[in-house]
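> First the structure, which I've put down as structure tokens, then a few questions once you've had a look.
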Amino acid sequence: MAAERGERPIEELGTAECWGLLESVSLGRLAVTGLDGAPDVFPLNYTVHNGSLYARSAHGAKVLDIAIRPAAALEIDGEDDASHWSVVVRGAAARVEHDAEIRDSGVLRLDSANPASKPHVIRLTPSTVTGRRFRKGTHNAPQSAAATAEREVAEAPAPDEKRSPPRRGDRPTPIPHFAPDKDDSPNA
């Protein structure tokens with residue numbers, strides 16, 4: 001096992017490696033805040049140019065969303081023989097209006113799985129770029145969903161406890177969830 005060889009099961013990736021992975025793929029998921037305040041996630045093809053990410057878009061929700069709430073994130077992931085990895089870019093998204101920037105970015109050469117017309121170009125200007133690698137074969141034995149949820153509930157602070165506000169980069173407190181009982185399923 002990797003842990004027995006002194007390797008850490010979760011490795012934080014450096015900025016240069018994150019950018020290398022961003023340049024190695026062209027499909028990601030863009031997360032934005034919708035007009036109703038709820039999060040939305042859109043798969044999209046993107047390209048990297050001069051420290052920003054560029055994508056084409058059809059008329060619709062994501063173009064409207066970023067015009068009002070420009071905060072966005074893009075996530076990519078993949079795997080190799082030894083690990084799974086994930087890179088997250090957070091920053092401000094905006095519609096690009098200048099023909100020279102659109103041309104220079106290379107976004108017009110992107111192939112898309114979606115055949116819809118994509119007259120808009122979106123630029124995501126990063127404020128943070130982070131990544132992690134998860135070594136294969138280093139996980140603990142699986143636990144039941146109920147046991148995991150019970151542990152999370154037991155470890156969660158009491159509702160009336162004063163907590164300091166989270167700092168950027170802190171992990172969120174997990175939301176406990178319980179798997180449905182087999183007897184409660186509609187097909188039982």
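The values are calculated or read from the model by the stated rules, or taken from the named source; none is laboratory data. If you're wondering where the values come from, they're calculated on a predicted model, not measured in any experiment. Remember, those area values only see protein heavy atoms, side chains included, never the ligands or the DNA or RNA. Shrake-Rupley method; radii C 1.70, N 1.55, O 1.52, S 1.80 Å.
> How much accessible surface does Asp36 have with a 1.4 Å probe, in Å² rounded to 10?
Near enough 130 Å² of accessible area.
> Could you state how much accessible area Ile68 has, in square angstrom rounded to the nearest 10, with a 1.4 Å probe and all protein chains kept in place?
Roll a 1.4 Å probe over it and Ile68 shows about 110 Å².
> Additional query: Pull up all non-local amide H partners of Leu13: gap of 5 or more, or a different chain, and H-to-H distance under 5 Å with H placed in the peptide plane.
Gly131, Arg132, Arg133
> Along the range 101-108, what does the Karplus equation 6.51 cos²θ - 1.76 cosθ + 1.60 (θ = phi - 60°) give for ³J(HN,Hα), rounded to whole Hz, x for Gly and Pro?
5, 4, 4, 5, 5, x, 5, 6
> How big is the accessible area of Ser24 in square angstrom, nearest 10, if you roll a 1.4 angstrom probe over the protein chains?
About 80 Å², rounded to the nearest 10.
> Taking amide hydrogens as modeled 1.01 Å from N in the peptide plane, which residues meet the under 5 Å criterion relative to Ala58, leaving out close sequence neighbours?
HN-HN under 5 Å from Ala58: empty list.
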